[in-house]
Amino acid sequence: MHSKVTTRRRQAGWLLILPLVLILVPFFIVPIIGVVAASFVQSDGFGGIIPSFTFDNYRSVFTSALTYQLYWATFKFTVFAWFFSLMIGFWIAYFLVFHVRNPLLALGLFLLCTVPFWTSNIIRMISWIPLLGKEGLINSALVGTHVIGQPLDVLLFSSLAVVIAYVHQLTIFMIVPIFNSMARIDKRTIEAARDAGASRFDIVRLIVLPLCKTGIALGSIFVVSIVMGDFFVVKVMSGGGSASVVGAFYEDIGVLQYPTAAASATLLTIIVSLLVVAILRTVDIRKELTR
Amino acid sequence: MTDQPLENSVARTVRVRRGRALAPSTGGRPWTFYVLAALFILYVVALYGPMVCIYILSFQDVRGGLVFPMRGTSLHWFVDLFTQVRTGDVKGAFSRSIRLAVAVTVITVVISFMSGLAFRKRFAGDSVVFYLMIGSLVAPGLVLGIGVGLICNVLGVETSWYTTALGAQLSWTLPFGVLVMFAVMSRFDNAWDEAARDLGASAWQTTRLVIVPVLAPGLVAVALFGFTLSYDEFTRTLLTAGSLNTLPLEIWSMTLNVTSPSLYALGTVTTLISFLIIGICLGTIARIQKRRAGGPAAH
């Protein structure tokens with residue numbers, strides 16, 4: 001009797017999860033398999049493929065100096081975007097949870113930070129143009145106050161602009177999970193630490209930071225995977241000065257070089273997965289999420 | 001006192017305790033408060049400032065350029081946006097994006113809700129499904145787009161915004177929806193629906209009368225994610241939408257071709273729609289919460 005109920009429950013679980021699986025299989029697993037498969041076939045040079053097995057696409061990816069330059073550039077952007085979004089995100093979350101005394105106000109300020117997340121990324125990116133441009137607000141202000149004699153060129157269409165746009169878009173991915181982790185910290189723990197004579201710096205280092213590990217890991221996964229998979233921020237904000245891994249294989253698609261693009265895409269997917277797995281190893285994300 | 005809903009008194013206790021813990025006995029603010037408050041204000045200014053700039057600049061007249069100073073005020077660029085050929089089919093893109101977002105929202109809410117219920121208990125392969133979902137969330141969007149395009153090529157299926165792009169967007173909105181459901185479910189007491197079942201409610205009645213009303217604010221939040229993530233989705237849609245553009249694709253081609261304030265006008269219009277949706281959703285959540293807080297007291 002008992003086992004029958006358990007079986008029925010198990011089946012119910014599967015019926016409930018089935019729709020999710022039915023979306024993820026054709027639109028996540030199959031496309032990935034398709035890309036991996038396409039990376040081993042030959043291109044006929046006209047957008048078609050010759051069904052044969054070859055490693056040539058990978059050979060050309062790995063022997064091209066361009067590949068390494070692209071990955072180096074993308075890694076650099078990833079590290080900068082990750083570092084700044086983590087620094088800003090952590091302290092914003094810390095401020096909201098531990099410094100704002102009215103919980104309703106904290107929630108309101110938290111929502112204030114999240115609202116832009118629900119608006120268009122592309123629009124938020126181009127909205128830096130009137131500020132950072134050669135005749136933009138920042139340059140006019142700096143020239144107007146005689147801080148500099150000539151408008152700065154490096155503000156827009158540069159690596160700096162790319163990093164600014166990333167941090168602008170991605171800090172929210174740090175704030176939300178870190179805020180969530182911090183809000184769960186039992187305030188009595190902190191009181192106890194304070195009573196025991198811990199300084200506020202010690203409290204952050206020894207209590208808050210370790211208990212926010214999951215939030216930081218989750219935020220890092222988002223930031224790393226989004227920057228590694230991005231091409232439009234780099235393309236628009238660098239003004240063509242920098243390229244990205246994804247941007248490069250998007251160009252390949254444009255000239256119908258599917259197999260080369262597929263090899264490149266497979267490599268990127270493997271690297272992103274490895275990074276995500278490495279981050280996941282530091283925390284049991286599922287236990288934390290479903291707790 | 002017995003009329004007091006338990007939730008309220010718990011909330012008050014928590015508030016009192018938090019109030020005490022957060023305000024040290026000295027009462028004064030530590031110096032870090034002022035530093036972090038300044039950081040927070042700077043962050044919010046940097047977050048909204050640029051957006052506000054383009055809203056203002058979109059109201060220039062015909063002489064308007066891409067940077068300040070403001071040249072006149074008019075609705076010229078909004079009219080331009082919807083009437084000029086060179087800005088492309090903005091009206092069509094709008095209507096497609098909204099219809100697509102509505103479809104994605106409905107599907108995301110239903111499937112995330114079901115998945116949220118499923119993940120309450122362990123089932124065979126639950127970890128596989130979980131990591132599949134995380135994989136779908138972190139996979140580079142363009143790689144999935146290439147994959148969908150290749151598969152359609154092999155199968156001889158045409159890509160279009162209401163089939164392949166719909167699926168591609170769901171592979172992005174569903175993991176978000178389910179993650180939001182996890183957060184919501186963590187506050188759901190399994191005893192509530194067990195109690196309903198013990199009192200003789202059918203599975204359908206339990207869902208309709210107990211689970212859905214309790215989870216309603218969370219479901220609205222899932223809907224908010226579903227709509228806005230679909231409405232602004234770009235990388236996964238780029239190679240899967242077929243010949244007709246959605247709005248973000250239209251904006252993308254405009255950033256590469258159009259160098260007039262009509263680009264900003266489009267930004268203003270699309271952000272207004274986002275704000276409208278956000279307002280409706282947050283308003284609905286607030287109303288539900290308020291009714292809950294006030295409900296039992298009115299008896």
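The values are calculated or read from the model by the stated rules, or taken from the named source; none is laboratory data. Remember, predicted model here, so these are calculated numbers, not experimental data. Here Cβ is always computed from backbone atoms with ideal geometry, including for glycine, and neighbour counts include all displayed protein chains. Heavy atoms of the whole protein, side chains included, go into the accessibility calculation; ligands, DNA and RNA do not. Shrake-Rupley method; radii C 1.70, N 1.55, O 1.52, S 1.80 Å.
Okay, here's what the table says:
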{"read-out": "Wholly within the range A:226-291, helices (runs of 4 or more DSSP H) carrying at least 2 residues that are surrounded by fewer than 20 Cβ atoms within 10 Å (Cβ to Cβ)", "value": "A:245-254, A:258-280, A:285-290"}
{"read-out": "Options A:Ile207, A:Ile216, A:Ile190: the member that is more than 13 Å from chain B (Cβ to nearest Cβ) and in a helix (DSSP H, G or I)", "value": "A:Ile216"}
{"read-out": "Where a residue in the range B:97-124 is without any contact (Cβ under 8 Å) to a residue 60 or more places away in the chain and its partner, wherever it lies, is part of a helix (DSSP H, G or I) and acidic (Asp, Glu), with Cβ under 8 Å and at least six apart", "value": "B:Ala118/B:Asp126"}
{"read-out": "Total residues in the range A:221-271, condition over 23 Å from B:Val258 (Cα atoms) and of a type in the set (Asp, Glu)", "value": "1"}
{"read-out": "Any hit, the range A:176-186, residues being closer than 30 Å to A:Ser127 by Cα, open to solvent by less than 10 Å² (accessible area, probe 1.4 Å) and part of a helix (DSSP H, G or I)", "value": "yes"}
{"read-out": "Selection status of B:Arg99, more than 13 Å from chain A (Cβ to nearest Cβ), open to solvent by 30 Å² or more (accessible area, probe 1.4 Å) and either under 27 Å from B:Ser262 (Cβ atoms) or outside any helix (DSSP H, G or I) (or both)", "value": "yes"}
{"read-out": "Verdict on B:Val143 being within 27 Å of A:Lys287 (Cβ to Cβ) and either in a helix (DSSP H, G or I) or out of contact with any Ser or Thr (no Cβ under 9 Å at 6 or more places or on another chain) (or both)", "value": "no"}
{"read-out": "Extreme residue, nearest to the other protein chains (Cβ to nearest Cβ), among residues of the range A:253-281 that are out of contact with any strand residue (DSSP E or B) (no Cβ under 7 Å at 6 or more places or on another chain) and at pLDDT below 85", "value": "A:Ile253"}
{"read-out": "Residues located in the range B:275-299, provided they are in contact with a helix residue (DSSP H, G or I) (Cβ under 6 Å, 6 or more places away or on another chain) and within 11 Å of chain A (Cβ to nearest Cβ)", "value": "B:Ile277, B:Ile278, B:Cys281, B:Ile285"}
{"read-out": "Near pairs, Cβ below 7 angstrom, 6+ apart or cross-chain, from the range B:172-191 (within 9 Å of chain A (Cβ to nearest Cβ) and assigned to a helix (DSSP H, G or I)) to any residue that is open to solvent by 20 Å² or more (accessible area, probe 1.4 Å) and not hydroxyl-bearing (Ser, Thr, Tyr)", "value": "B:Leu174/A:Ile23; B:Leu179/A:Leu289; B:Phe182/A:Leu289; B:Met185/B:Arg120"}
{"read-out": "Test: residue in the range A:149-160 that is surrounded by 15 or more Cβ atoms within 10 Å (Cβ to Cβ), more than 17 Å from the chain's Cα centre (by Cα) and in a helix (DSSP H, G or I)", "value": "yes"}
{"read-out": "Positions within the range B:184-200 being crowded, with 16+ Cβ neighbours inside 10 Å and over 12 Å from B:Phe113 (Cα atoms), in sequence order", "value": "B:Phe188, B:Asp193, B:Ala196"}
{"read-out": "Test: residue in the range A:39-54 that is assigned to a helix (DSSP H, G or I), modelled with pLDDT under 95 and either farther than 30 Å from B:Gly116 by Cβ or facing another protein chain (nearest Cβ under 10 Å) (or both)", "value": "no"}
{"read-out": "Filtered residues of the range A:94-137 (kept if among the small types (Gly, Ala, Ser) and more than 7 Å from every other protein chain (Cβ to nearest Cβ))", "value": "A:Ala106, A:Gly108"}
{"read-out": "Residue check, A:Phe179 at pLDDT below 90, closer than 19 Å to A:Ile88 by Cα and hydrophobic (A, V, I, L, M, F, W, C)", "value": "no"}
{"read-out": "Near pairs, Cβ below 7 angstrom, 6+ apart or cross-chain, from the range B:32-59 (more than 29 Å from A:Phe98 (Cβ to Cβ) and more than 8 Å from chain A (Cβ to nearest Cβ)) to any residue that is open to solvent by less than 30 Å² (accessible area, probe 1.4 Å) and not in a helix (DSSP H, G or I)", "value": "B:Ser58/B:Pro261"}
{"read-out": "Exclusive hit being surrounded by 22 or more Cβ atoms within 10 Å (Cβ to Cβ) and in contact (Cβ under 8 Å) with a residue 12 or more places away in the chain, set A:Leu66, A:Leu109, A:Leu96, A:Leu86", "value": "A:Leu96"}
{"read-out": "Breaking point among (1) closer than 30 Å to A:Phe249 by Cβ; (2) more than 9 Å from chain A (Cβ to nearest Cβ); (3) open to solvent by 10 Å² or more (accessible area, probe 1.4 Å), for B:Leu132", "value": "(2)"}
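Residues are listed down the side, and each one gets a yes or a no for (1) assigned to a loop (DSSP other than H, G, I, E, B); (2) farther than 22 Å from A:Ala265 by Cα:
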| site | (1), (2) |
| --- | --- |
| B:Phe130 | no, yes |
| B:Met133 | no, no |
| B:Cys152 | no, no |
| B:Val157 | yes, yes |
